[in-house]
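Visitor: Supplied in structure tokens, the structure appears directly below.
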Amino acid sequence: MKDKESESISIENDRVKFQYQKSPQHKTIHVSGIFGGIMPDKKIQVHFWHNEVPIPKNIFHKIVKESGEGYVNLGEEVEEERQFEETPPPFLIRNIDISATIDPAVARSIGNWLINRADMIEKKSERGVEHGRADDTSGQD
């Protein structure tokens, strides 16, 4: 009996075919930066974060007029009455969306891949090209 992983890898004509699929936990995130360090097992741990302005816990609006049907027409927000979790609220919040522990060789490969793609974007921008193709790191620099 084949397991799910062996079904997604096939060998054809001295080549290995990999099939990509998104896990049920997959999500796309915006990354503003990373924070991390070296773990005791000599792996690199990174936390990907994005900046966000604080969202109030509660806000208040003036009532302009109340209709006879129980509906309320809202007026302006009373900004000085906003309530935040912290007082005063922080200027920016760094939300950590995902953390990863990465082997040094894989981290180097990912770093090189990212640098190459950034270089490609700069070159394409100079030539006026607006799109490209997706490709992977496949463990190669």
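Visitor: Here are the criteria: (1) surrounded by 12 or more Cβ atoms within 10 Å (Cβ to Cβ); (2) at pLDDT below 80; (3) more than 19 Å from the chain's Cα centre (by Cα). Tell me which single one Ser109 does not satisfy.
Guide: Exception for Ser109: condition (2).
Visitor: Just to confirm my filter: which strands (runs of 3 or more DSSP E) fall fully inside region 27-98 and include at least 3 residues that are among the charged types (D, E, K, R)? Show your work before the answer.
Guide: Numbers: elements: 33-38, 44-52, 61-66, 72-77.
Of the strands (runs of 3 or more DSSP E) lying wholly inside region 27-98, those with at least 3 residues that are among the charged types (D, E, K, R) span 61-66.
Visitor: Same structure again: Any residue in region 57-78 that is within 28 Å of Ile110 (Cβ to Cβ) and at pLDDT 90 or above?
Guide: Of region 57-78, the ones within 28 Å of Ile110 (Cβ to Cβ) are none.
Scanning region 57-78, I find no residue that is within 28 Å of Ile110 (Cβ to Cβ) and at pLDDT 90 or above, so the answer is no.
Visitor: Would you point out which residue out of Asp103, Asp97 is of a type in the set (D, E, K, R), surrounded by 11 or more Cβ atoms within 10 Å (Cβ to Cβ) and within 15 Å of the chain's Cα centre (by Cα)?
Guide: Working: Asp103 fails: within 15 Å of the chain's Cα centre (by Cα).
Just a single option satisfies the conditions, and that option is Asp97.
Visitor: Can you pull out every residue in region 34-77 that is farther than 26 Å from Pro89 by Cα and either acidic (Asp, Glu) or surrounded by 11 or more Cβ atoms within 10 Å (Cβ to Cβ) (or both)?
Guide: Met39, Asp41, Lys43, Ile44, Gln45, Val46, Glu66, Glu69, Val72, Asn73
The values are calculated or read from the model by the stated rules, or taken from the named source; none is laboratory data. This one's a predicted model, so the numbers in the text were calculated from it and none came from an experiment. Because the Cβ atoms are built from the backbone with ideal geometry, glycine has one as well, and the counts that use them run over all protein chains shown.
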